[in-house]
Amino acid sequence: MQTLAIGFNQRRDLFSTLPIQLIVFVPFGGNTLQHFQKTMPDFYSIVNLSISLKSENLQEENRPNKIDITKNDFNNIAEAQQEIRRIEKRLATFENTSENTLLKFKLTTQLAKAYSFCSNFLKSKELYEQLLLEIEHQNLASLATEISVTQNNLAIALNNLGENMAAKELLEKVLISDEKTFGKEHPNTAETYSNLALVLQGLRDFKSAKKLFEKALISDEKTFGKEHTKTAARYSNLATVLQDLGDFNGAKVLFEKALISDEKIFGKEHPYTAETYSNLALALKDLGDYESAKMLLEKALSVASVSLGIEHPKTAIYYKNLAFVLQHLGDYEGAKDLFEKALISDEKIFGKEHAYTAETYSNLALVLKDLGDNISAKFLLEKALNSDEKNFGEEHPTTAVRYTNLATVFYNLGENEKARILLEKAYQVFYHQLGKQHPNTKTVKRSLDYFIQKSKD
């Protein structure tokens with residue numbers, strides 16, 4: 001396939017002058033179609049390429065992400081960086097014509113995803129903003145779907161940067177437009193319901209998020225059926241909100257419905273099924289059934305290790321989830337070993353300064369703190385904090401969480417003044433970004449009050 005792509009792209013000018021139609025049969029399985037589309041975007045500027053494949057299995061790119069911080073577009077940072085170089089080189093000589101609008105949309109969207117994968121959320125946001133201006137300027141009804149998709153992507157980028165309210169306001173505007181343009185039960189509208197729900201979930205407006213996920217679910221059940229993979233993903237999304245609302249049994253039921261769909265469509269050894277094993281395991285963890293959660297996560301880890309490899313980002317997620325369960329079971333050494341395995345994967349795939357790696361530094365640090373190794377915990381949390389300040393800035397809630405965790409380590413080490421300063425910084429961020437009533441704000445405020453009272457004694 002790579003040879004085919006190189007051959008056609010090198011002879012692009014010649015093929016564009018020939019009155020021929022090229023029909024390419026792309027074999028199903030693995031990432032063949034995904035790689036074909038990524039390596040041959042120029043094909044779209046020669047003819048309208050139609051790829052129609054019949055299979056009982058669905059393509060990975062049609063599978064919405066559920067509870068997963070990774071994206072399916074790239075396997076590692078090197079691949080994403082290579083894609084950035086390739087697309088930017090292509091766009092440098094790109095001819096902006098109306099005929100190339102859809103190709104420009106595909107290329108720019110893929111470029112923004114690559115930057116986002118590399119944790120450069122600001123660049124991703126800038127690309128979506130530029131793309132949105134360009135396609136809105138054309139004022140074509142035929143671009144309604146592209147406009148909606150780009151607005152949703154921009155909102156996700158804003159959310160990644162901690163601009164939660166801006167993301168919420170944008171998605172609310174998009175939703176009004178989508179309902180008017182496509183109707184309330186259209187898949188595009190359902191996707192906007194879901195994205196807005198995810199933002200509201202982050203803002204802890206769980207009841208509103210639940211209503212929107214329920215709307216998206218109604219649409220998907222009607223459009224795709226109850227056992228379709230998109231519907232299964234929506235069951236999982238709704239389940240996460242039920243977890244936030246404390247309805248762990250309700251979440252368990254929905255994850256079980258998603259699992260029935262996944263096992264039927266993909267089988268028990270498929271990565272998508274493994275993801276649902278992991279999601280169901282977390283619901284069982286919330287119900288206190290740690291042994292069952294451990295068993296399901298071990299199944300997920302076994303499937304992912306074989307199908308994806310031991311250093312794949314999704315495998316690393318299962319390491320982490322299983323580590324959290326082992327922590328609850330009191331097996332801190334086992335949790336430490338799993339976080340260390342996840343860290344090897346994250347550093348190799350994302351690099352040492354990526355947001356995902358920083359989260360793993362922090363998780364490992366907290367286990368080390370529980371094991372009494374506060375010096376090592378301090379070192380890892382400082383690495384995580386440096387990454388967060390670089391990736392998100394000092395006023396982001398994620399950075400504030402790191403301030404708080406590092407403050408607890410300083411307190412354990414007897415460095416109370418350093419702990420107090422970090423808690424004060426964390427409190428200011430939480431207060432202004434999340435509000436006075438947010439649980440994080442209240443927790444840090446109690447800790448600060450303790451320090452103040454202690455200083456008076």
Taking the stretch 127-158 and keeping residues under 25 Å from the mean Cα position of the chain (by Cα) and acidic (Asp, Glu) leaves Glu129, Glu146
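Among the residues of the stretch 286-304, count how many are charged (D, E, K, R) and either in contact with a strand residue (DSSP E or B) (Cβ under 7 Å, 6 or more places away or on another chain) or at pLDDT below 95 (or both). Break it down into steps so the answer makes sense when it comes.
Start the filter on the stretch 286-304 by keeping residues that are charged (D, E, K, R), which leaves 286, 289, 291, 294, 298-299.
Restricting the remaining residues to those that are either in contact with a strand residue (DSSP E or B) (Cβ under 7 Å, 6 or more places away or on another chain) or at pLDDT below 95 (or both) gives 286.
Residues that pass the stated criteria total 1.
Which count do you get for residues in the stretch 171-190 that are buried (at least 22 other Cβ atoms within 10 Å of the Cβ) and out of contact with any Phe, Trp or Tyr (no Cβ under 8 Å at 6 or more places or on another chain)?
First pass over the stretch 171-190, keeping only residues buried (at least 22 other Cβ atoms within 10 Å of the Cβ): 171, 174, 178, 189-190.
Checking the rest, the ones that are also out of contact with any Phe, Trp or Tyr (no Cβ under 8 Å at 6 or more places or on another chain) come to 171, 174, 178, 190.
Final tally of qualifying residues: 4.
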Considering the stretch 150-165 alone, what residues qualify as being modelled with pLDDT of 90 or more and among the β-branched types (Val, Ile, Thr)?
-> Thr150
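Looking at Gly250, Gly246 in this structure, which one is closer than 24 Å to Asp205 by Cα, free of Cβ contacts under 8 Å to residues at least 12 places away in the same chain and either assigned by TED's automatic domain parsing to the domain that holds His438 or part of a helix (DSSP H, G or I) (or both)? Before the answer, list the steps.
Working: Gly246 fails: either assigned by TED's automatic domain parsing to the domain that holds His438 or part of a helix (DSSP H, G or I) (or both).
None of the others qualify; the one that does is Gly250.
Under the condition of being of a type in the set (Gly, Ala, Ser) and within 17 Å of Ser376 (Cα to Cα), which residue from the stretch 410-430 is surrounded by the most Cβ atoms within 10 Å (Cβ to Cβ)? Full working, then the answer.
Residues of the stretch 410-430 that are of a type in the set (Gly, Ala, Ser), as a first pass: 414, 419, 426.
Now restrict to residues that are within 17 Å of Ser376 (Cα to Cα): 414, 419.
On the way: Gly414: 9, Ala419: 22.
So, considering only residues that are of a type in the set (Gly, Ala, Ser) and within 17 Å of Ser376 (Cα to Cα), the one surrounded by the most Cβ atoms within 10 Å (Cβ to Cβ) is Ala419.
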Tally the residues that are surrounded by fewer than 19 Cβ atoms within 10 Å (Cβ to Cβ) and without any contact (Cβ under 8 Å) to a residue 24 or more places away in the chain, restricting the search to the stretch 253-275.
-> 3
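Table: residues versus (1) in the same structural domain as Phe410 (by TED's automatic domain parsing); (2) in contact with a Ser or Thr (Cβ under 9 Å, 6 or more places away or on another chain); (3) not aliphatic (A, V, I, L, M).
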{"residue": "Leu301", "(1), (2), (3)": "no, yes, no"}
{"residue": "Ile344", "(1), (2), (3)": "no, no, no"}
{"residue": "Ala358", "(1), (2), (3)": "no, yes, no"}
{"residue": "Leu385", "(1), (2), (3)": "yes, yes, no"}
Of the residues in the stretch 321-352, those that are crowded, with 22+ Cβ neighbours inside 10 Å and charged (D, E, K, R) come to Asp346
Restricting to the stretch 179-206, what's the tally of residues that are more than 22 Å from the chain's Cα centre (by Cα) and within 30 Å of Asn440 (Cβ to Cβ)?
-> 0
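The values are calculated or read from the model by the stated rules, or taken from the named source; none is laboratory data. All values reported here derive from a predicted model rather than from experimental measurement. As a convention, Cβ positions derive from the backbone with ideal geometry for all residues, glycine included, and neighbour counts pool all protein chains shown.
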